[in-house]
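*Asks:* One structure is given below, represented as C-alpha cells, and several questions about it will come after.
Just so it is clear, none of the values below were taken in a lab; they were calculated from the coordinates. Since the model is a prediction, treat every value here as computed from it, not as a measurement. Heads up, the Cβs are rebuilt from the backbone with ideal geometry, glycines too, and the neighbour counts pull from every protein chain shown.
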Amino acid sequence: MSDTRRQKREGRWLAVGLYGYLALVMFVPLVVIALWAFYDPAVGWYPPDIVPTSYSVEPWREVLADRGIIGSLVLSLIISTTVTFLTGALAFPTAWALAHFPFRIKRAVEVFVLAPMIVPGIVVAVSLGEIFFRLGLTQTVLGVILVQTVGTLPLMIRILTATLEGIPGELMLAARTLGASPRRALMRIALPMAWPGFLAGGLLSFISSFEDFEKTFMVGAPGVQPLSVRLWSYLGGEILIFPTAAVVTFILLAPTLIIFFIAERLMKENVLAAGMGKL
Amino acid sequence: MAGLSIRGLTKAFDQVRALDGVDLEVPDGQLVTLLGPSGCGKTTLLRSVAGITDPTEGGIWLGDRRIDGVPPERRNFGMVFQSYALFPHMSVFKNLAFGLEMRRLPRSEIRKRVAQALHLVDMEAMAGRLPRQLSGGQQQRVALARAIVIEPDVLLFDEPLSNLDAKLRDSLRDQLRALQRRLGVTSIYVTHDQVEAMALADEIVIMFSGEIVERGDPVSLYRRPIFRFTAEFLGRTNVIEARLDGDRCRLPWGDERSVENPGIDDPAGVAIRPEDIAISTANGSDPHGEIAERMFLGAGTNYVVDAGGVRVRVNVAGTQNDLIDIGTPVRLTPPKSLHLLRRGRHGSAEALA
C-alpha cells in the first residue's frame, strides 16, 4: 500500500518537474516573444513594467505590409516540401545499405554520412557556395533545394537506418518465398514498415529546411528569397529590432507548430514515437 | 507434385562448412524432419532448399527440374518460420492474400482461397485482426495458412513450434501433421526437439556438423540406431560398455545377454533404453546395485542406479508402483537381446543434449 502511494507521489513530482521544464523552455520564451510582438511602439515598453502598458499590431503591420512576403511563403513551402521528399528518396537506399549489408567499412561510411551534422551550416554553406557558383546553381531554386538537402540528409539517413534495422530480415525472406521479387518485397514490406521513420525524418527535414537561413542565403540570395531569408532582413542590420524579430519568430514558428500538431494526432498510433525513438 | 532430391550440397562460409556434401531424397508427399543440435547445418540446408541461401556446391532437384539458382519467388515453396514472420502492418487476410496477389490472381479467387485456408487452420474469425492482436499459437496458424494458401510444391518448416509453450506445441503439432497428410505436400521440417521429430516424420534425418549422421523411419531409428550419437540424441539411452564375446555380452553388474548385431566395427557399447529395464528390490537375493537418485514425474518415475561401477538410468512407467527409496539394493532386468552401437565419427551426443 505505502509502496504504491510512494510511487504515486514520486510520479506526481516527476510530472511537475517535466511540465515545469517544458513551461520554462517553451512557454516562457513564447510569452516574452508574444509580448514583444504585440507591444505598442508609440508608447514603448520600459522597466520597471513587467508587461507592456499598451498593445498594438503595429509590428505585424510593418512586416506584413511587404507584399513579397506571401510569395516568399509559397516559395518556402514549395522548397521545403521538395527538400523533404528528395531527402526521403535519397536517404532510403543509403539507409537500406547501412541497415542490411554487413560490409567492413560500414562504420566509416556511417561517420561520412553523418559528418555534415557536426559541421556548422555556415561552413558547409560557404564552401558549397563556391562550388554552386561555378556550376551556375547560385540564385536558383534548384541550388537552394540541393544545398538544403545536404543539411537534412544525415538526420534522415540516421532515422531511417535505425527504423530499417528494426525490420526483421525474415519478413523480407518470407515475402520472397511467397513470390515477391526483391523490388516488390521492398515496396510492399520494407517501405510501408519504414513509415514511422519517414514520418519522423520528414517532419524534422521539413522544419530544418523551412527555417534554414545560412545555406539558403549563401546560395540563393538575392535572387531566391524564401521566407526565412526575407524575414531575416527584417531583423534590422546592425541592431536587433525586437518587435519585428518577435513577429518573424512567430511566423517561422507557425509551420513547426502546425506540423507537430499533425504529428501529435498521428502519434496516437505510436507511429511517430517509433520513428523519433530512433534518433 | 514431385519429390525433392538434394545431391552433394555444400555450403562453405569463410572457414566453416555449414553443409558438407549432403545427399537427401524427400519422396513425394512425405514429411522429412531434419534433427540435430544447433549449428549442425539443418537450417542452412532448409534455407538452401527455400532459395534464401545459395549453396557453394551441389544441386537440388524438384522432380526432374533443377531448382538451385532459381530465385525463391519462382520456386513456389511455402515456408513457415520460427518467428512466424507475419507482416505486422497487414491484417491476417492481407497476410494470406500477399502470395496470391504476387501471382496476380483475380480478387474473387483470392478471397475464396484465403477463406479456405483460414478455415483449414480454424482462424476464419480472425481475418480482420492484425498479427499483434493474436496469441503466439494463432500467429503460427496464420503463418501456416499463409504458406499453404499458395498451394506450394514443397512446404518448409524452420522450427515453427519452438516459440510456443509445451501444451500448445503438442496440439499444434498434431494439427500440423494432419494438415500435411491431408494436403499431401512434400515437406521438410527442421527441429531440435526429438519428440516433435518422431511424432511428425515419415523419415528422420539426424545431422551433425554439416553432415547427415543417420536417417530412417522413427521406429527403426529409435530402436536400432547404428551410431551412439543417434541413440543418445533421439531420446535418452544408457550406452553401457559391456565385455563382448561372440554374440554374447557381459554387463558390468554380472548379467549376460545376447547381442543382436555382433561383429560391428568400433563398438561403443550396448544401448539399453531406460524404459526397457525392469527394476525390482533385491529382497535378500544378490543385488545388482542400489538406487542413487529418484525423480517422480507423475506419469512415471525415473531412477539412476549405481550398478557395477556404472550409472544406469531406469524409467518406470505408470503410477501404481511402489516408489523405491534411495539406497535400496535392487536387481535390474534388461531386455533379453541387446543392440550394439558404433562409435562413429560423431562421438557422444550427451554433452549436447
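*Asks:* Name the one entry in B:GLU73, B:GLU159 that is free of Cβ contacts under 8 Å to residues at least 60 places away in the same chain and either among the basic types (Lys, Arg) or within 13 Å of chain A (Cβ to nearest Cβ) (or both).
*Replies:* Numbers: B:GLU159 fails: free of Cβ contacts under 8 Å to residues at least 60 places away in the same chain.
Matching residue, one of B:GLU73, B:GLU159: B:GLU73.
*Asks:* Based on what the data block shows, is B:ALA85 assigned to a loop (DSSP other than H, G, I, E, B), within 14 Å of chain A (Cβ to nearest Cβ) and small (Gly, Ala, Ser)?
*Replies:* On the way: assigned to a loop (DSSP other than H, G, I, E, B): yes; within 14 Å of chain A (Cβ to nearest Cβ): yes; small (Gly, Ala, Ser): yes.
In short, yes.
*Asks:* Suppose we keep only residues that are free of Cβ contacts under 8 Å to residues at least 24 places away in the same chain and part of a loop (DSSP other than H, G, I, E, B) within the stretch A:159-209. Which one would you say is surrounded by the most Cβ atoms within 10 Å (Cβ to Cβ)?
*Replies:* Among residues in the stretch A:159-209 that are free of Cβ contacts under 8 Å to residues at least 24 places away in the same chain and part of a loop (DSSP other than H, G, I, E, B), the one surrounded by the most Cβ atoms within 10 Å (Cβ to Cβ) is A:LEU178.
*Asks:* From the list A:VAL147, A:VAL113, which residue is away from every other protein chain (no Cβ under 14 Å), part of a helix (DSSP H, G or I) and in contact with a Phe, Trp or Tyr (Cβ under 7 Å, 6 or more places away or on another chain)?
*Replies:* Details: A:VAL113 fails: in contact with a Phe, Trp or Tyr (Cβ under 7 Å, 6 or more places away or on another chain).
Just a single option satisfies the conditions, and that option is A:VAL147.
*Asks:* For B:ASP54, indicate whether it is part of a loop (DSSP other than H, G, I, E, B), in contact with a helix residue (DSSP H, G or I) (Cβ under 9 Å, 6 or more places away or on another chain) and loosely packed, with under 15 Cβ neighbours inside 10 Å. Spell out how you get there, then give the answer.
*Replies:* Values: part of a loop (DSSP other than H, G, I, E, B): yes; in contact with a helix residue (DSSP H, G or I) (Cβ under 9 Å, 6 or more places away or on another chain): yes; loosely packed, with under 15 Cβ neighbours inside 10 Å: yes.
In short, yes.
*Asks:* Moving to a separate point now. For B:ALA115, only one of the following conditions fails: (1) away from chain A (no Cβ under 12 Å); (2) assigned to a loop (DSSP other than H, G, I, E, B). What is its number?
*Replies:* So B:ALA115 meets the others, but not (2).
Results for (1) within 17 Å of B:LEU155 (Cα to Cα); (2) in contact with a Gly (Cβ under 6 Å, 6 or more places away or on another chain), shown as yes or no for each residue.
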| position | (1), (2) |
| --- | --- |
| B:GLY8 | no, yes |
| B:LYS11 | no, no |
| B:ASP20 | no, yes |
| B:LEU35 | yes, no |
| B:THR44 | yes, no |
| B:GLY51 | yes, no |
| B:PRO55 | no, no |
| B:GLY58 | no, yes |
| B:ARG74 | yes, no |
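*Asks:* Another question about this same structure. Looking at the stretch B:266-279, can you tell me whether even one residue there is under 31 Å from the mean Cα position of the chain (by Cα), closer than 20 Å to B:PHE233 by Cβ, part of a loop (DSSP other than H, G, I, E, B) and acidic (Asp, Glu)?
*Replies:* yes
One line per residue, one yes/no per condition, for (1) over 30 Å from B:GLU57 (Cβ atoms); (2) charged (D, E, K, R); (3) surrounded by 20 or more Cβ atoms within 10 Å (Cβ to Cβ):
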| residue | (1), (2), (3) |
| --- | --- |
| B:PHE208 | no, no, yes |
| B:GLU214 | no, yes, yes |
| B:TYR222 | yes, no, no |
| B:ARG228 | no, yes, yes |
| B:ALA242 | yes, no, yes |
| B:CYS249 | yes, no, yes |
| B:GLU275 | yes, yes, no |
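*Asks:* Tell me, please, whether a residue that is closer than 23 Å to B:GLY99 by Cα and assigned to a loop (DSSP other than H, G, I, E, B) can be found in the stretch B:186-205.
*Replies:* No, the stretch B:186-205 contains no residue that is closer than 23 Å to B:GLY99 by Cα and assigned to a loop (DSSP other than H, G, I, E, B).
*Asks:* Next question. Any chance the stretch B:111-127 includes a residue that's under 27 Å from B:LEU35 (Cα atoms) and among the small types (Gly, Ala, Ser)?
*Replies:* No, because not a single residue in the stretch B:111-127 is under 27 Å from B:LEU35 (Cα atoms) and among the small types (Gly, Ala, Ser).
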